[in-house]
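Report on one structure; see the data block that follows.
The values are calculated or read from the model by the stated rules, or taken from the named source; none is laboratory data. Note that the structure is a prediction, hence the values are computed from the model and not measured. Because the Cβ atoms are built from the backbone with ideal geometry, glycine has one as well, and the counts that use them run over all protein chains shown. Ligands, DNA and RNA are excluded from the accessible area calculation, which covers all protein heavy atoms including side chains. Shrake-Rupley method; radii C 1.70, N 1.55, O 1.52, S 1.80 Å.
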Amino acid sequence: MTTWKERHDAAVREQDIAWKAYLEATAARAQALLDGTAVLGTQAAVARELGVSRAVVNRAIKALEKSQQRP
């Protein structure tokens, strides 16, 4: 039997793993959108291809660029 503290600590570890996976997937998605922009020429073309708004594409790319500027 585990204590509530052990269960809590295990849950925190699981959250940390999930958060890191989320951040990695988010960065990979943004990089793919950036690559798509290079191939198709514009963020609008990428957005049309994916059926999303250009703002969605732009926000993802800007977030990636911002994260890459940190030391």
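Just a few scattered comments:
- Listing of helices (runs of 4 or more DSSP H) fully contained in the chain that carry 1 or more residues being exposed (fewer than 10 other Cβ atoms within 10 Å of the Cβ): 4-40, 54-69
- Annotation: of all residues in segment 55-71 being farther than 16 Å from TYR22 by Cβ and modelled with pLDDT under 95, the one that is farthest from the chain's Cα centre (by Cα) is PRO71.
- Inter-residue pairs, beta-carbon under 7 Å, first closer than 27 Å to VAL56 by Cβ and in segment 7-35, second open to solvent by 100 Å² or more (accessible area, probe 1.4 Å), 6+ apart: none
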